Amino acid sequence: MIRYLLLPSSCLCTAAVVCSTVCAKDEDVASAASSAAGAFKTWSELSCYQRAKVLLKLASVLQRHSQCVSELCELSQSSTSPAVLIRLAQYYASWAQLRDTLMPEWIPQGVVAVVVSDDCSVYYLLLKVLPALAMGNAVIVVPGKTSTLPALLLAQLFMEAGIPAGVLNVVSGSEASLGAKVAQNPQVNYLTYSGRQHTGEALAKAVAGWGVPMSFSLSLSSVCTFIIFDSADLDSAVDGVIELAFEKKRDFQWVLCVQESVLDSVVAKLKLRMTGMKCVPLATETDRNFIEAAVQEAQQQGATLMQSCPPASTGALYPPTVLCGLAPSCESVISPPPGPVLPLISFRSSAEGVTLGNHSPYGQAASIWTEDLTLALESAKSLCVGSVWVNCHSVMDPALPLCGRRESGNCTDGGREGLYQFLRPSHSPSFPRSSPSSINYADFGSAVSKFMIPERFDPSSVPRFYYQFVGGQLHKADSGCSRSVLAPGGAVLAHCPDGGRKDVRNAVEAAIKVQPGWTKKSPTARSQSLYSLADSLDKRRRDLAVSIQTQTGISLEEAEKEVELSVSRLTDWAARCDREQGGTPFPPQSGSALSTPEALGVLGVILPNSKPLLSLVSLLGAAVAMGNAVIMVPSEKYPLPALEFIQVLQASDIPGGLVSIITGGRDQLTQALANHSVIQSIWYWGSKEGCQFLQYSCVSPLKRLWLHCEEEEEREAGRNWTSSNPSLQEELWRKAVVWKSIWIPTA
């Protein structure tokens, strides 16, 4: 099958056939996967120096063919400066050289599938491919329509640079369906996607259950804010708006927010600057129809239209347009139309400006304009986005991470932080490959718990009833139901609440009240709270050891060792609170840059069966130390150690609501956590079906997932919670944070 590339001509504003490319078939996918799997062994066994040498050679090859690369990118409507691509190659060559020195306990994922959507630029494509190769992986690229030609050219340049055969493969076709076929191949170990949200959702649902870890960078769907405070240099700010909003091709959609005291001045300067500007070419005439409908709707909602010139009568053209006087709830603000259309809203105070900046469900980037450095840094810290540009916009460098928040992505690209998606700790088992189970996603977790009378039930004895811990208080399940907790021999040890969706909602409501204050506490204050928790645990070590022994059937000596390790693990996290900081990379552009770790927000954790207390403490310590709130679901099989731990929490000075412990059916509570929009990340130890459900469901709303199929882990000896390997804590810490980049230019 042949696919024709119909690309718009910038001169004629009409589509023209540039060339045709072959659409890969099933046998092509199998051949690419087999080739990559064979080449991975060769590539990963090369020394760091040898891999770095290939990437350095690529930089020189790109330099030599820069004109060809530039022209082909421009023809494909994927304009990227060759100098930027050269910088990428040089940067990741350095990391290829240093991998074993700076990340000695980490190993490559294996074969990585890189899928990008139709209009993803070559920069974002290489921001996935180069770090994957630098870390020792083999790569299969599934490019979008407009990036197919540049991707094929880059593959040719890699060959010239001396990359071994099979290490880099490019298969062309429909990115969503073909990407799914590639990921479903059993020789592929990891899938990463960059592009638009709807394509990413389709890809995630097609791959769910195939045993492939996935990550998504959804920058092309993101809506970003351009905030002008009254302390800004208005001329420079308006220049930035013109450059940003009315380009032929934009990576993001933008909303302009202006402080009321300077609104009239900004509008007047915009009107003056827009005078005489010509219509901007659009991708298709369909885009024009969409824009016209959105503009008409905005006018009906009270917007004032400001255009540089009247729209052309026909063709894929539209004039630079500003929609003034919109309300934040307008559709054109929530989801701006494509093309040169800029919604404008106003705000009164600086705090309100930050609130508007966080109004969008996306969290990719923001540009703030002010001459007040204190206001700039405070606003940058308060904005829930991955990148903040101060008095500038769209500044990119591979040294700083690009980390999408909320609906803008669940992975980090760029910087040292972006390398870890292509690595895994050497002690950690790989995600087991499998075929999808037959699951009714709408009914998953909806089964009602069955009442059960154990075989050895003695009606004359009254087992203890435990309460769950929500909002700092002991509670029964909202349903009023409970379930029996059995000893290894089958006797009833106790009863615990059978929690559900309403209990999760109550826990989330309590968490969002306390988590912002917890995050704002100094690392030293958080450290002291964790030391208090460790001390409280130490005082109850005997009771917890007996609980572990009774519940799991291990010896009292082994149980005491688990409690001792749990106390030590908590003190480790307490000590680590004020030791984990960001950095100040040195970008090639003039100016300063900051890279800082931030809390994710509210996490959901479904705990494993193994080491019920130590695993709880290890995961809780990582989440809380980094400023998160956490909702924990104990093991269905061994819930008592977690329920006994509630008394430890009550005796510490951890704020009420920061940690909630809810018992019940694992599937029911997993479904409740997955469907709650506030929860930003889920750490899951459970069934293969649960992993499949989360991969399918957690793309809307998008969540960060850390999945473990516990049945497979148990067969393969699983995660060693007692290990003192430094990469264990490193992995936990990196799962508990997101990264923010702040750019501050200088003259």
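Miscellaneous remarks
- Residues that are under 20 Å from residue 43 (Cβ atoms) number at least 1 in the following helices (runs of 4 or more DSSP H) confined to segment 122-225: 122-134, 148-161, 175-184.
- Criterion: out of contact with any Pro (no Cβ under 9 Å at 6 or more places or on another chain), in contact (Cβ under 8 Å) with a residue 60 or more places away in the chain and within 24 Å of residue 396 (Cβ to Cβ) - qualifying residue of 245, 237: 237
- Within segment 604-642, if we keep just the residues that are of a type outside the set (A, V, I, L, M, F, W, C) and in contact with a strand residue (DSSP E or B) (Cβ under 6 Å, 6 or more places away or on another chain), the residue that is surrounded by the fewest Cβ atoms within 10 Å (Cβ to Cβ) turns out to be 627.
- Residues of segment 655-708 that turn out to be at positive phi and in a helix (DSSP H, G or I), as a count: 0
- Condition check for residue 127: under 21 Å from residue 191 (Cα atoms) and over 21 Å from the mean Cα position of the chain (by Cα): no
- Looking across segment 27-55, the residues that are crowded, with 16+ Cβ neighbours inside 10 Å and either touching a Pro at 6+ places or on another chain (Cβ under 7 Å) or of a type in the set (Asp, Glu) (or both) come down to 28, 39, 43, 44.
- Hits in segment 214-251 (condition: among the β-branched types (Val, Ile, Thr) and either farther than 19 Å from residue 340 by Cα or in contact with a Leu (Cβ under 9 Å, 6 or more places away or on another chain) (or both)): 225, 227, 228, 238, 241, 242
- Taken over segment 170-216, the criterion of being more than 22 Å from the chain's Cα centre (by Cα) and among the charged types (D, E, K, R) is satisfied by 181 alone.
- Scanning segment 499-550 for residues that are under 18 Å from residue 478 (Cβ atoms), touching a helix residue (DSSP H, G or I) at 6+ places or on another chain (Cβ under 6 Å) and assigned to a helix (DSSP H, G or I) gives 501, 504.
- Condition met for residue 125 (among the hydrophobic types (A, V, I, L, M, F, W, C) and surrounded by fewer than 24 Cβ atoms within 10 Å (Cβ to Cβ)): no
- Residue in segment 149-169 that is within 25 Å of residue 431 (Cα to Cα) and within 21 Å of the chain's Cα centre (by Cα) present: no
- Annotation: residue 210 fulfils all but one of (1) among the aromatic types (Phe, Trp, Tyr); (2) surrounded by fewer than 20 Cβ atoms within 10 Å (Cβ to Cβ); (3) not assigned by TED's automatic domain parsing to the domain that holds residue 394; the unmet one is (2).
- All of 508, 514, 485 fail the test of being out of contact with any Leu (no Cβ under 6 Å at 6 or more places or on another chain) and in contact (Cβ under 8 Å) with a residue 40 or more places away in the chain, apart from 508.
- Filtered residues of segment 698-713 (kept if within 26 Å of residue 610 (Cα to Cα) and at pLDDT 85 or above): 698, 703, 704, 705, 706, 707, 708, 709
- From 674, 629, 642, residue being in the same structural domain as residue 561 (by TED's automatic domain parsing), aliphatic (A, V, I, L, M) and farther than 29 Å from residue 218 by Cβ: 642
- Verdict on residue 490 being under 26 Å from residue 678 (Cβ atoms), of a type outside the set (Phe, Trp, Tyr) and outside any helix (DSSP H, G or I): no
One line per residue, one yes/no per condition, for (1) within 23 Å of residue 118 (Cα to Cα); (2) surrounded by 15 or more Cβ atoms within 10 Å (Cβ to Cβ); (3) over 36 Å from the mean Cα position of the chain (by Cα):
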residue: 257; (1), (2), (3): no, yes, no
residue: 260; (1), (2), (3): no, no, no
residue: 263; (1), (2), (3): no, yes, no
residue: 281; (1), (2), (3): yes, yes, no
residue: 289; (1), (2), (3): yes, no, no
residue: 313; (1), (2), (3): no, no, yes
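- Test: residue in segment 439-457 that is of a type outside the set (A, V, I, L, M), surrounded by fewer than 20 Cβ atoms within 10 Å (Cβ to Cβ), touching a Phe, Trp or Tyr at 6+ places or on another chain (Cβ under 8 Å) and at pLDDT below 90: yes
- Index of the failed condition, residue 514 passing every other in (1) within 27 Å of residue 596 (Cβ to Cβ); (2) surrounded by fewer than 20 Cβ atoms within 10 Å (Cβ to Cβ); (3) at pLDDT below 95: (3)
- Counting only residues that are small (Gly, Ala, Ser) and surrounded by fewer than 24 Cβ atoms within 10 Å (Cβ to Cβ), segment 97-122 holds 1 of them.
- Test: residue 89 is in a helix (DSSP H, G or I) and either surrounded by 14 or more Cβ atoms within 10 Å (Cβ to Cβ) or among the charged types (D, E, K, R) (or both): yes
- Pairs, first assigned to a loop (DSSP other than H, G, I, E, B) in segment 630-652, second modelled with pLDDT of 90 or more and among the basic types (Lys, Arg), C-beta under 6 Å, six or more apart: 636/666
- Residue satisfying all of: in segment 394-427; among the small types (Gly, Ala, Ser) and surrounded by fewer than 20 Cβ atoms within 10 Å (Cβ to Cβ); nearest to the chain's Cα centre (by Cα) among these: 399
- Taken over segment 181-203, the residue count meeting the criterion of being surrounded by fewer than 24 Cβ atoms within 10 Å (Cβ to Cβ) and closer than 19 Å to residue 437 by Cβ is 3.
- Residue in segment 328-339 that is of a type in the set (A, V, I, L, M, F, W, C), without any contact (Cβ under 8 Å) to a residue 24 or more places away in the chain and at negative phi present: no
- Meets criteria (modelled with pLDDT under 90 and not charged (D, E, K, R)) for residue 156: no
The values are calculated or read from the model by the stated rules, or taken from the named source; none is laboratory data. Model, not experiment: these values are computed from the prediction. Backbone-built Cβ (ideal geometry, glycine too); neighbour counts: all protein chains shown.
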